[in-house]
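Notes follow the structure.
The values are calculated or read from the model by the stated rules, or taken from the named source; none is laboratory data. Here the structure is a predicted model, which is why all the values come from computation and not from measurement. Don't worry about glycine lacking a Cβ; one is built from the backbone with ideal geometry, like all the others, and counts go over all protein chains shown.
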Amino acid sequence: MFKLEFGIVHEGCLVNRMSRALPSLKIVSAGGFILNPTQADEILIIENPTEEDVEDALSFLKNSGEIEVAKELERTEDKSFIRILTTAAPNTGYCSEVVAKNRCFNLNMEVQHNGVEQWLVGCLERSQADQLVEDLKKMGSLQYHRITESSWNDLIQSPM
């Protein structure tokens with residue numbers, strides 16, 4: 001198995017734009033669905049937020065002009081769970097689409113922090129990881145990438 005760790009400043013991505021505007025926030029994408037070419041329904045988790053952090057994130061999202069719904073679903077001691085329903089897609093596409101196109105799979109959840117969208121994915125062949133890197137370069141500024149050969153056992157041991 002091959003692992004690819006990468007970080008990208010994703011052109012046209014609303015959540016990445018929010019991460020650049022609010023770089024101190026650590027935003028985890030718990031998952032979501034691409035509903036159609038212009039809509040996605042996603043759950044975001046802001047880790048260790050203050051009240052002001054949550055207000056700033058919701059304000060950014062609601063004022064973006066690209067959101068139909070931005071709502072805090074739940075607050076725990078160390079997390080805020082926010083649902084977003086977008087009305088626009090990144091002009092370069094979603095990273096999840098290019099990951100899937102290259103037959104790669106997530107090894108953990110996508111993280112947005114300090115303006116960089118961060119992923120850890122796995123694949124069967126080195127060529128799939130290499131092609132994913134080339135495709136990502138068309139989607140924004142690739143900040144880093146690292147391809148390593150790894151054990152399949154890492155599928156169950158990858159850190160969050």
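Within region 145-159, count every residue that is part of a helix (DSSP H, G or I) and free of Cβ contacts under 8 Å to residues at least 40 places away in the same chain.
Within region 145-159, residues that are part of a helix (DSSP H, G or I) and free of Cβ contacts under 8 Å to residues at least 40 places away in the same chain number 2.
Determine the pairs where a residue that is at positive phi, located within region 108-126, has a partner that is in a helix (DSSP H, G or I) and at pLDDT 95 or above with Cβ atoms under 9 Å apart, the partner being 6 or more residues away or on another chain.
ASN114/SER19; ASN114/ARG20; GLY115/ASN16; GLY115/ARG17; GLY115/SER19; GLY115/ARG20; GLY115/ALA21
Identify, from the list ASN114, ASN36, ASN102, ASN106, the residue that is modelled with pLDDT under 95 and in the same structural domain as LEU142 (by TED's automatic domain parsing).
After applying the criteria, what remains is ASN106.
If the requirement is being over 15 Å from LYS101 (Cα atoms) and either modelled with pLDDT under 95 or among the aromatic types (Phe, Trp, Tyr) (or both), which of these qualifies: SER141, SER158?
Testing whether each residue is over 15 Å from LYS101 (Cα atoms) and either modelled with pLDDT under 95 or among the aromatic types (Phe, Trp, Tyr) (or both) leaves just SER158.
Given region 51-144, what strands (runs of 3 or more DSSP E) lie entirely inside it while holding 1 or more residues that are loosely packed, with under 13 Cβ neighbours inside 10 Å?
Qualifying strands (runs of 3 or more DSSP E): 67-75.
What pairs come out if I take residues in region 14-35 that are in contact (Cβ under 8 Å) with a residue 60 or more places away in the chain and farther than 12 Å from ASP53 by Cα and pair them with residues that are surrounded by fewer than 16 Cβ atoms within 10 Å (Cβ to Cβ) and of a type outside the set (Val, Ile, Thr) whose C-beta lies under 7 Å away, six or more apart or interchain?
If the second residue must be surrounded by fewer than 16 Cβ atoms within 10 Å (Cβ to Cβ) and of a type outside the set (Val, Ile, Thr), the pairs left are VAL28/GLU47; VAL28/MET109; SER29/MET109; ALA30/MET109.
Does region 57-78 contain any residue that is in contact with a helix residue (DSSP H, G or I) (Cβ under 7 Å, 6 or more places away or on another chain), aromatic (Phe, Trp, Tyr) and without any contact (Cβ under 8 Å) to a residue 60 or more places away in the chain?
yes
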